[in-house]
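Throughout, read-outs are computed from the coordinates displayed, never taken from laboratory work. The structure displayed is predicted, hence computed values, not measured ones.
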Amino acid sequence: MKEGTEREKFLVGGQRIDVDTYGRLRSDPLPSFDPVPMIDG
């Protein structure tokens with residue numbers, strides 16, 4: 001469920017990016033996804 005939009009939250013390549021904020025109920029099923037590997041560097 002979309003809760004709102006955070007305007008210009010992140011700065012990427014010199015451009016401010018809006019971010020949508022979502023929430024879920026405790027009783028909602030866990031989302032299924034493939035994790036993205038993190039690279040330190």
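Which length gain, in nm to one decimal place, applies between Leu25 and Thr5 when the Cα-Cα distance is subtracted from 0.36 nm times their residue separation?
Gain on stretching Leu25 to Thr5: 5.3 nm.
State the Kirkwood hydrodynamic radius of the chain in Å, one decimal place, computed from all pairs of distinct Cα atoms.
Over the chain, the inverse of the mean reciprocal pair distance is 13.2 Å.
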